[in-house]
């Protein structure tokens, strides 16, 4: 199964999104939350994200979804730290909550890495009100 | 093409959990599955679209399935919907 890492500046946000996503997938998931700094404060931690990637990987790659710009920077640093590993890691560009939900459901039904990334991207276009 | 209209029975309607389940059930078959309610359409392959149609208790939902196994999938989804997504 494709792994998913939730990279947020806030641990609470990452945990909350994790709760929502796993409520929908049930225990059949490989989602890891990576939110906040080591001490629980607001911010992003490349080491935390790196560990989350290693944890989430089941051999089919990992999709990372980030909240704000600098989370992407920390994620890129994390990916550089993992250069010697053979994990395929992709940052998917979509809203963190809706993107993770869509990704989680797709990953749980055996979607490929590209399909999970597509699910995150599709979340950009879903309108809640018409 | 198999089509049908259902009135939702459970309080929360097509919220997160049943939406995810509908995606999973539909993914087993190679069919085009569309849910329609409140003037909005959602393809059953998109969990976000399914939740976005905002179907709640007593909402009339129109389901249309097209594909080789449409009968089978229709029956499965019909049961799931009529059982109120096994909630309440």
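Where a number appears in this text, it was derived from the coordinates with a stated rule and is not lab data. Since we're looking at a predicted model, the values are computed, not measured. Every residue, glycine among them, receives a Cβ derived from its backbone with ideal geometry; neighbour counts consider all protein chains shown.
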222 nm mean residue ellipticity, helices alone, for chain A (DSSP H n ≥ 4; -39,500 (n - 2.57); rounded to 500): -15000 deg cm²/dmol
For the range A:7-71, what log10 I(q)/I(0) values come out of the Debye formula at q = 0.18, 0.25, 0.29 1/Å, with one point per alpha carbon and no solvent? -0.62, -1.11, -1.30
Tail weight of P(r) past 15 Å, computed on alpha-carbon pairs of chain B, percent: 50 percent
Taking only C-alpha pairs under 8 Å that are 6+ residues apart, what is the relative contact order of chain A in percent? 30 percent
26 Å tail of the calculated P(r), chain A, as % of Cα pairs: 12 percent
Computed over the Cα atoms, what is the radius of gyration of the range A:77-130 divided by 2.2 N^0.38 Å, N being its residue count? 1.30
Quick check on the range B:41-88: take the gyration tensor over C-alpha atoms, sort the square-rooted eigenvalues as a ≥ b ≥ c, and tell me if it's rounded (a/c under 1.5), prolate or oblate. oblate
Measuring from a point 7 Å past the Cα of residue B:41 along Cα-to-C-beta, which residues in the range B:48-88 have an amide N at less than 11 Å? B:64
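Eigenvalues of the Cα gyration tensor times 5, then square-rooted: what semi-axes does that give for the protein assembly as shown, in whole angstrom, largest first?
Semi-axes, largest first: 34, 17, 14 Å.
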Just counting partner chain Cβ atoms within 10 Å, what average do the residues of peptide A:21-28 show around their Cβ? 3
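Averaged over B:43-52, how many beta carbons belonging to a partner chain fall within 10 Å of each residue's beta carbon?
Partner Cβ neighbours, averaged per residue: 6.
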Gap in Å between the Cα centre of the range A:81-130 and the Cα centre of the range B:1-70? 22 Å
Need one number: nm distance between label points at residue A:51 and residue A:37, each 7 Å from Cα along Cα→Cβ, rounded to one decimal. 1.6 nm
